[in-house]
1. Of the residues in the range 66-108, how many are without any contact (Cβ under 8 Å) to a residue 40 or more places away in the chain and either in a helix (DSSP H, G or I) or acidic (Asp, Glu) (or both)?
2. Going residue by residue through the range 75-83, is there one that turns out to be modelled with pLDDT of 95 or more, surrounded by 19 or more Cβ atoms within 10 Å (Cβ to Cβ) and either among the hydrophobic types (A, V, I, L, M, F, W, C) or in the same structural domain as Met204 (by TED's automatic domain parsing) (or both)?
3. Count, please, the residues in the range 155-178 that happen to be charged (D, E, K, R) and farther than 19 Å from Lys92 by Cβ.
4. Out of the residues in the range 96-154 meeting the condition of being of a type in the set (Lys, Arg) and at pLDDT 95 or above, tell me which one is nearest to Glu80 (Cα to Cα).
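The values are calculated or read from the model by the stated rules, or taken from the named source; none is laboratory data. Since this is a predicted model, take the numbers as computed values, not measurements. Here the Cβ positions follow ideal geometry from the backbone for every residue, glycine too, while neighbour counts run over all protein chains shown.
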Amino acid sequence: MAKKRLTAVLLAIPLLLGLTGCTGGVNGEGTGSYSQDIGTPIVRGNAFNDAGWGYIDKGQYESGIAQFNLVLNDNPTDDEKAQANNGIGWAKAKMGQLKDGMPWFTKAVDWSDDAKVGLAAAYLQMASKADMEMVVDLLYKQLGKENENFVYTPRRNTGVSNAEAHAMLAYAFAAVGEDEKAQHQIDHAKELNPSWENTTIDQMGKVVDFLLN
């Protein structure tokens, strides 16, 4: 089973990179569009977080990180701080590997569902049995509250859909020997996205089938 799991990991790594939109780093720079001296802390923090994600959407990850750091350096609320750390996590992940975002996802995980998904994807990529158990904890227990048909609604443009989150969980369940739960999750992912063929969900489903059979 260990050899089979390793083979599945090797199959899944490029799928996870595609799932989260990792490009290997497009680091074009832009100028910030917000002043540090405007508005109240809540407005300011939200503005910088919005600007950071605007840069991420353009592939300008370093500029995005700079915006998130403005939030962290200016007495943010708990939610603003979590959103900034989550943003840095996704920027780091998209610049390199999912695991590069883990320290920031960990700081935000108690407040942000997007951080839970990012952290789960990173653990999924590392793929030891303990890592897979962490994926189950993050997605099934923390995010889904043990509701097998939970709904993940991204707050930001993470690149991971609700259906893909269920496909990730299916892989984790399969890897830890929870075959029935794995099958339900991949079936549910396909129900959520009727156009699943030739998508990341389809590819993840093939990895799940490999582990279950």
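1. Of the residues in that region, 29 qualify.
2. Taking every residue of the range 75-83 in turn, at least one turns out to be modelled with pLDDT of 95 or more, surrounded by 19 or more Cβ atoms within 10 Å (Cβ to Cβ) and either among the hydrophobic types (A, V, I, L, M, F, W, C) or in the same structural domain as Met204 (by TED's automatic domain parsing) (or both).
3. 2
4. Lys107
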